[in-house]
Structure formats: C-alpha cells, structure tokens
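Undergrad: I'd like to ask some things about the structure below.
The values are calculated or read from the model by the stated rules, or taken from the named source; none is laboratory data. Just so it is clear, the model here is predicted, and its values are computed rather than measured. Cβ: placed from backbone, ideal geometry, glycine included. Neighbour counts: every protein chain shown. These area figures cover heavy atoms from the full protein model, side chains too; ligands, DNA and RNA do not enter into them. Shrake-Rupley method; radii C 1.70, N 1.55, O 1.52, S 1.80 Å.
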Amino acid sequence: MEGFRIVVLIKQVPDIEKVRFDVETGRVDRSSAPAETNPFDLNALEAALQIKERCGGTVTVISMGPRQAESSLKDAIARGADRAILLTDPRLAGADTIATARALAAAIKKLGGFDLILCGEKTVDGDTGQVGPEVAELLGIPHAAYVCELREISRDRVVVVSDMGDKYLYELELPALLTVTRELNTPRLPTLKDLLRAKRAGIEVWTADDLSEHVPANMLGYQGSRTRVVKVVIPSAEHRKGIIYRGEDAVEKIAEILLSEVAAI
Amino acid sequence: MSGKGILVYAETRESEIHPISFELLGKAREIAEKLGLEVWSVILGSGISDKASQLIHYGADRVYAYDDERLRDLNVVAYKSVLVDFVKETKPEIFLIGATPWGRSLAPRIAAALDTGLTADCIDLQVSEDGKLIQIRPAFTGNILAHIETTSKPIMTTIRYRVMKMPEPDPSRRGEVIVRRPERVEADGVKFLGKVSERGVNLADAEIIVAGGKGLKKKEDLRILEELAGLLGGVVGVSRPLVEEGWISKDHQVGFSGNTVKPRIYIACGISGSPQHLAGMRDSGIIIAVNTDPSAPIFRHADYGVVADLYEFIPRLISFLKEVKGHGKGVVKGA
Ligand SMILES: Cc1cc2nc3c(=O)[nH]c(=O)nc-3n(C[C@H](O)[C@H](O)[C@H](O)COP(=O)(O)OP(=O)(O)OC[C@H]3O[C@@H](n4cnc5c(N)ncnc54)[C@H](O)[C@@H]3O)c2cc1C
Ligand SMILES: Cc1cc2nc3c(=O)[nH]c(=O)nc-3n(C[C@H](O)[C@H](O)[C@H](O)COP(=O)(O)OP(=O)(O)OC[C@H]3O[C@@H](n4cnc5c(N)ncnc54)[C@H](O)[C@@H]3O)c2cc1C
C-alpha cells in the first residue's frame, strides 16, 4: 500500500501566559510574549506522525502567518514533518477565519492530492475553532471535530471518536479533515539533534500570487474577510468582592455564605 | 417569503431540543424588536415535528421543521446541506446557532458555503445606535473581550450556553409551523456509527461546583471534595492536571480545553487560577477559593478567599455544615 499524504495546519501563537494586555487601550501586545506553536496543533502533528510511522506516508505542514512563523514550521520538521510551507504576504494579513480558510484551502489544492488534513480544535489566541471545518467545506470533504480518539485508518476511510460532550463514533471517507483535542495523544519532543537538523531545513514560502490559480487575492487577508474586530476590551480584575479570610473564623464565614446561598436555590 | 427575519437554529439531541435553543430565541426576540425583524426558527431531525410548538412558546413567529429519516443522526454534512439551502431560500438577516460542540462544528461549514462571516462563541449581542449588530466574544484564552461586526449577510454567530437569559415560555403564544422534507440531503462521506459513551457528569448545567486542583495530593483525596459537593447538592470539577494524571474523567475538567461553567457557586480548592482554568469559570456567580498561597492568582478572581490548607479547611467546613444541618438551622439542598 502506498502511504498516506497528510497535511497538518499549524498556527503560531503568543505564549498566552506571558502576553500583556493593555487595559486602557485594549491593545494586545504580541511582542511582549515569545511565540510558540498553538498547543492543539502539536497534537494534530503527533497524530500525523504516528500514522506515517505505522502506515507510511508523508507529512506536510502549512502555516499562514508572518515570516517569524517559520520557527514553528522548523519545529515541526524537527519533530518529523517532511515538508513545510509558509504562506506569508502583506495581502494575507488581517484575515478572519473565512479568509484564512480560503488561503489554506488554496494551498492544499496547489499541493495536489492529499488523504488527510489535521488541525487543532482551536487556537489559544483567536480561539474560534472555525478554520478547520471551513477548510473542509471549501475543499468539499467531510470533517469530524473534537476528535479525541483515532480508531482505524485504512486506504479510503477513517474511524474516529468525536467528543461532543457525549462521545460519538464516526466513519469518514478519505480525503477528510479532523480537528483534534489534547486528549488524542501526547506530542513528542524534538531531540537536540533534530532541532539542529531542522535549523538548516528549507521552508517553502508562498505568497498570494502562488495561490492565485485557486483563489483571487481580493478574497484573502483583510480584504477578503467578512468580520471585523472593532474593539477590544480587557476585563479588569472584575467585580469580585475579594474578601480574604485567614484565621479560625473562616469556616464559619464560608459556611454562612453557603447556607444563605444554597438554601435560596 | 414575507418580511425579514432573524433565524435561530434549534439544536436537537435524540429528538430533544437543547435548552440553548430557547435562550437564543429569547435573545432573538429582543434583537428582532430593535431591528424590526421576525423571529424564525429551524429544527432538523427525525420525528421532531411535534417539538416545533415549543419553539413558538419561547418566542419564534415561524418554525420550519425538517423532519426526515435521513436527518436522524448528527451528520454534519447532511445538516449543512439542508441549512445552506434553507438560508439561501429564506435569506435571514441574522442566523444564531448555539456554541455547543455540535454547533461549533456545524456553523463554520455553513458560513463557508454561504461565504459569510461567522463570529464564534459570543457571550453578548448588542445593537448599536446605528442599528449594527455588535457581537461580543472572549478571545486570547478568555483574557480579552472582542467586539465584532460582520460585513456580509447573513450575520452568523455562535453563542455560548447559559449566557443569554432563559425566557419564560408562553403556551398561549401563536405562530406558524411549517413541516418540510428536504429536497436534497447531501450526506457524502460521513457515517454516524453510534454513541460510544455518555458524559458522566454535566458540569455545564451545574449550579454548585466544588473543584479541586493540584493542591490535592492523591486521587483518593477527591473524596473530600465529593463529600462537600454531595452536602451542597453540587458536583465535582477539576483542573486539567488531575485529568492528565488519570484521577478523574475529562467530563469533570473546567477550563479552556474542558468545560465552560457558570454555577451559582464555584469553590476552587488547591487551584492556582491559571488563565486556562479561569477561561472556564470566570463567569460563575460566587467564587470561593481555598489556597495555601496568599499570592495565588485565583484570589484576584474570588469573592471570598480562604488562605488555608484545604486538608484542614474542607473537613472542618464539612463538619460545621453537618452540625448546622443536624440542628435543623439551615436547609441544605440535596443533603
Ligand atoms: C480578538 C480576535 C477575535 C476574533 N474573532 C473572530 C471571529 O469571531 N470570527 C472570525 O472569523 N475571525 C475572528 N478573528 C480572526 C481569527 O483569529 C483569524 O482569522 C485567525 O487567522 C484564525 O482563526 P483562529 O485563530 O480562531 O483559528 P481556529 O479556527 O481556532 O484554528 C483551528 C485550527 O485551524 C488551523 N489554523 C488556524 N489558523 C491557521 C493559520 N493561520 N495557519 C495554519 N493553520 C491555521 C490550526 O490547525 C488551528 O488549530 C478574531 C481575531 C482576533 C484577534
Ligand atoms: C492549551 C492548554 C489548555 C489548557 N486547558 C486547561 C483547562 O481546560 N483547565 C485547566 O484547569 N487547566 C488547563 N491548562 C493547564 C493550565 O495551564 C494549568 O497548568 C492548570 O490549570 C494548573 O492547575 P492547578 O491550578 O490545579 O495546579 P497548580 O497551578 O500547580 O496550582 C496548585 C495550587 O494548589 C495550591 N495548594 C497546594 N497545596 C495546597 C493545599 N494543601 N491546600 C490548598 N492549596 C494548596 C498551590 O498553592 C497552588 O496555587 C491548559 C494548558 C494549556 C497549555
């Protein structure tokens, strides 16, 4: 059997625990935090690598983003991806999910054939979880979201468990797209040797012109977007009372609150 | 089609309407009054026609029920194809979908097929003075609230469960129910093979949650929290590391990659208050935190903080509550 042609979509995001938010202006200062690969996308990559190891095949990673997203692609190469493509162009900037999905779908079409596309369930920054299903629709292929278990994969189909609160079993015909949860697997870490090797690896860079055969540039980036972020508000340390108890009386105080509140339900 | 409408997708699970659908109808009514729209609802499934009147009671002026054996299972491609055809025909101005896992899987496919904007997981919708719909949603793992406008039609939005007020149903409300069979069900490539398991606990609906984190030293100690939860008629939640340890199932996880909850009371025991944990519980009613570290971030988000060892504090709280209950001083629900 010839191997699977797997595509993994990865997004570079800021380390969410370090990024600073300006409460006054509502600005997100991305430069305040180091960039990393969206954590869920590492589970998608791990799943791809496991399929490749078991059944043979190739893993291509694609990311749309600024030039610096190259480091996430190199990290993916270090972990075992075969090929990496960066979609970068000022005309791709400011994209909402639909414009992002159009660029990614066009890039996948340009690659030629594929069997399986893997994405994270969502990102830690934009946090919509929409890009995966949108790419599937644009490519006209089935998808399953919140995949927490990959049961079987064969030449023409895949059987997965989708975590929708209750868990459902689905069989999808290939080619198909899966968005995956953190429960799916534990991503491997690249070795130092792999990291050094990946440093020298070539990353292919595509611009809007490279995608023009499949999507016009005015459907991409800010221009092609259908939603606009018009304002950002940083919720301040909120409306919480912030009463702190330390001593002996804490038990009684908390019990009082519980008794008055719980009885009222 | 007469008039302009705001459309609400009524989500069904095994022929029952998910309560998010009623919440959306309540919000849709409010927006409809402001923008001069009708409220429409669409429901898909097999044997669901008799449920349509409930949607009228909760605020729909007109309900379209696609009742078809081919729509019995949750097949995302099938549902997408019927809803896309429906939207193309009826041309709603606004289309609201519940941000349940199913809704968040289905909505983007529809938006992509219709080439329209979709805003994810909103916690509020407002109408601006010039009549624009402002969609408000958390992003950056709950650290910010973004205000979003859509430049295409229909404006599509998924809305988080339990953020919109549940309206009072009015059984005397009248409306039109139109039962249909879809002309086309494109279900290519997806086969539903059945339910693997039901979730063990429903945190999203819980009114009282006693949550534990890495401050717990071993799996067995979860019992302390279970006892308190039992006494209060609540359920146990946890931070992610406890799920990763395999101490408890993922159903119990609160946070960015787990459940978003909104209980009346959230008691966080031995939880530091990471951004990912806060993303799942920051909208709770009353937040109580128990932590040995006075500088733990959770205290900045708590109404009542107790700087104490949970192994001392929680058992004492339990005895105290039991004692009060024994004396019949308080009514502790569920005890
Ligand atoms: C505060 C804020 C709020 C926003 N709200 C919305 C909104 O409501 N609706 C909307 O349409 N847009 C919104 N956007 C824009 C959106 O964040 C961007 O379009 C972004 O490029 C992709 O969306 P996401 O981060 O939500 O990805 P998700 O849809 O959450 O990503 C899911 C998966 O898709 C893949 N993926 C996503 N982006 C890329 C990429 N650039 N390259 C490769 N793979 C990728 C990854 O596998 C990822 O795990 C918002 C942006 C901001 C800053
Ligand atoms: C992509 C991603 C998604 C994630 N999703 C989630 C999610 O959904 N939910 C989630 O919870 N986390 C999530 N996390 C993990 C998150 O970053 C934190 O690691 C986690 O929330 C920490 O859990 P904790 O507060 O229990 O542990 P810790 O941060 O270790 O805190 C333990 C706390 O217990 C206190 N303590 C210790 N002993 C005692 C005692 N005897 N009595 C009282 N207090 C005591 C300590 O002072 C400390 O504050 C996610 C991370 C990533 C990267």
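Undergrad: Restrict the check to segment B:133-145 and report whether at least one residue is more than 20 Å from the chain's Cα centre (by Cα) and either under 13 Å from A:D127 (Cβ atoms) or more than 8 Å from every other protein chain (Cβ to nearest Cβ) (or both).
TA: Looking for residues that are more than 20 Å from the chain's Cα centre (by Cα) and either under 13 Å from A:D127 (Cβ atoms) or more than 8 Å from every other protein chain (Cβ to nearest Cβ) (or both), one finds at least one in segment B:133-145, hence yes.
Undergrad: If I filter segment A:8-58 down to residues being among the basic types (K, R), within 14 Å of chain B (Cβ to nearest Cβ) and touching a residue at least 24 places away in the same chain (Cβ under 8 Å), which single residue comes out as farthest from ligand 2 (Cβ to nearest atom)? Give the derivation first.
TA: In the first step, residues of segment A:8-58 are kept if they are among the basic types (K, R); the result is A:11, A:18, A:20, A:27, A:30, A:52, A:54.
Applying the additional criterion that residues be within 14 Å of chain B (Cβ to nearest Cβ) yields A:11, A:18, A:20, A:27, A:30.
If we keep only those that are touching a residue at least 24 places away in the same chain (Cβ under 8 Å) as well, we get A:11, A:27.
Numbers: A:K11: 13, A:R27: 23 Å.
Selected residue: A:R27.
Undergrad: Please give the number of the condition B:Y58 fails out of (1) touching a Lys or Arg at 6+ places or on another chain (Cβ under 6 Å); (2) open to solvent by 30 Å² or more (accessible area, probe 1.4 Å); (3) among the aromatic types (F, W, Y).
TA: (1)
Undergrad: Among the listed residues B:D293, B:D309, B:D303, which satisfies the condition of being crowded, with 18+ Cβ neighbours inside 10 Å and acidic (D, E)?
TA: Details: B:D293 fails: crowded, with 18+ Cβ neighbours inside 10 Å; B:D309 fails: crowded, with 18+ Cβ neighbours inside 10 Å.
Only one candidate passes the filter, namely B:D303.
Undergrad: Any residue at all in segment A:93-111 that is surrounded by fewer than 19 Cβ atoms within 10 Å (Cβ to Cβ), in contact with a His (Cβ under 9 Å, 6 or more places away or on another chain) and of a type outside the set (D, E)?
TA: As a first pass, look at segment A:93-111 and keep what is surrounded by fewer than 19 Cβ atoms within 10 Å (Cβ to Cβ): A:93-94, A:109-111.
Those still in the list that are in contact with a His (Cβ under 9 Å, 6 or more places away or on another chain) too: A:109-110.
Those left that are additionally of a type outside the set (D, E): A:109-110.
Taking every residue of segment A:93-111 in turn, at least one turns out to be surrounded by fewer than 19 Cβ atoms within 10 Å (Cβ to Cβ), in contact with a His (Cβ under 9 Å, 6 or more places away or on another chain) and of a type outside the set (D, E).
Undergrad: In addition: Which condition does B:D221 not pass, out of (1) on the phi < 0 side of the Ramachandran plot; (2) open to solvent by less than 50 Å² (accessible area, probe 1.4 Å); (3) assigned to a loop (DSSP other than H, G, I, E, B); (4) within 12 Å of ligand 2 (Cβ to nearest atom), if it passes all the others?
TA: Result: B:D221 fails condition (3) only.
Undergrad: Right, another one. Which of the following residues is open to solvent by less than 20 Å² (accessible area, probe 1.4 Å) and more than 7 Å from chain A (Cβ to nearest Cβ): B:G200, B:G189, B:G213?
TA: Numbers: B:G200 fails: open to solvent by less than 20 Å² (accessible area, probe 1.4 Å); B:G189 fails: more than 7 Å from chain A (Cβ to nearest Cβ).
Sole residue among the options that is open to solvent by less than 20 Å² (accessible area, probe 1.4 Å) and more than 7 Å from chain A (Cβ to nearest Cβ): B:G213.
Undergrad: Can we say B:R70 is open to solvent by 10 Å² or more (accessible area, probe 1.4 Å) and within 25 Å of A:V180 (Cβ to Cβ)?
TA: Numbers: open to solvent by 10 Å² or more (accessible area, probe 1.4 Å): yes; within 25 Å of A:V180 (Cβ to Cβ): no.
Considered against the rule, which asks whether it is open to solvent by 10 Å² or more (accessible area, probe 1.4 Å) and within 25 Å of A:V180 (Cβ to Cβ), B:R70 comes out as no.
Undergrad: Looking at segment A:185-208, is at least one residue within 13 Å of another protein chain (Cβ to nearest Cβ) and surrounded by fewer than 18 Cβ atoms within 10 Å (Cβ to Cβ)?
TA: yes
Undergrad: Condition check: surrounded by 13 or more Cβ atoms within 10 Å (Cβ to Cβ) and either out of contact with any Ser or Thr (no Cβ under 7 Å at 6 or more places or on another chain) or among the small types (G, A, S) (or both). Does A:V230 satisfy that?
TA: Details: surrounded by 13 or more Cβ atoms within 10 Å (Cβ to Cβ): yes; either out of contact with any Ser or Thr (no Cβ under 7 Å at 6 or more places or on another chain) or among the small types (G, A, S) (or both): yes.
Taking the combined requirement at face value, the residue satisfies it.
Undergrad: Checking the condition within 18 Å of the chain's Cα centre (by Cα) and open to solvent by 50 Å² or more (accessible area, probe 1.4 Å), which residue from A:S63, A:S31, A:S71 passes? Show your work before the answer.
TA: Working: A:S63 fails: open to solvent by 50 Å² or more (accessible area, probe 1.4 Å); A:S31 fails: within 18 Å of the chain's Cα centre (by Cα).
Exactly one residue qualifies, and that residue is A:S71.
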